[in-house]
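Notes follow the structure.
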Amino acid sequence: MREIAFDRLVNIFLTGILSAHAKHCIFLSHRDDNQSSEATNLPLSVIISDSAPTKLLECLAAPTRMSQMLYRTLIFFIMHHYRSLSDVDASVMMDARLSAYSIFHCQTEFTIFSNVPRLDKAPDGRYQWSFETKESMSYRWTMPLKHVSRIVMLDAMLALEQHLYELKGFLKFT
């Protein structure tokens with residue numbers, strides 16, 4: 001029995017699970033700069049698919065590309081955080097829900113990154129915002145996909161879907 005082509009299998013699965021949040025997700029092909037599914041609102045998640053075997057340099061560039069796509073989202077998180085605070089409260093830590101997740105997957109791996117704004121203290125004592133992209137989960141797999149690989153991906157995608165649902169509620173997005 002032949003398995004469905006990798007890119008179709010994973011992309012069908014991802015778009016199906018995230019369909020309720022489609023207007024807040026951007027789906028990209030690693031080799032194409034055009035969005036295959038345009039987020040009509042502020043993107044809360046970016047998914048990059050690479051169906052062809054990738055070179056190491058291309059895999060390393062994916063988190064940077066996803067961070068760029070989420071830049072205005074992270075700026076919005078900062079504005080949302082400080083909109084509800086007084087000057088006295090400015091030292092309050094940002095709510096942990098204000099993070100955007102991005103996914104990179106190819107024929108050999110499935111990786112989820114967390115993208116968050118971060119407040120850093122500069123050497124001169126002033127504070128400045130930066131953005132951090134951290135690998136949250138990485139899973140290597142082989143083709144054809146084994147059942148355990150599908151379960152790991154399903155578990156990760158359900159957690160991401162739950163985060164998107166809660167984040168949209170917290171930000172009062174429809």
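No lab work stands behind these numbers, since they all come straight from the coordinates. For clarity, every value in this text was computed on a predicted model and none was experimentally measured. Please note: Cβ atoms are built from the backbone with ideal geometry, for glycine as well, and neighbour counts cover all protein chains shown.
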Summing +1 for each Lys or Arg and -1 for each Asp or Glu, what net charge is found among the other residues whose Cβ lies under 15 Å from the Cβ of residue 174?
+2
So for the pair residue 109, residue 13, with labels modelled 7 Å out along Cα→Cβ, what separation do we get in nm?
1.8 nm
Label-point separation (nm) for residue 158 and residue 139, each offset 7 Å from Cα along Cα-to-Cβ?
1.1 nm
State the percent of C-alpha pairs, over all pairs in the range 120-174, separated by a distance greater than 16 angstrom.
67 percent
Between residue 126 and residue 93, what FRET efficiency comes out of the Förster formula 1/(1 + (r/R0)^6) with R0 = 25 Å and r the beta carbon distance, rounded to 0.05?
0.85
Mind giving me the FRET efficiency for residue 20 and residue 118? R0 is 45 Å, r the Cβ-Cβ distance, nearest 0.05 is fine.
0.95
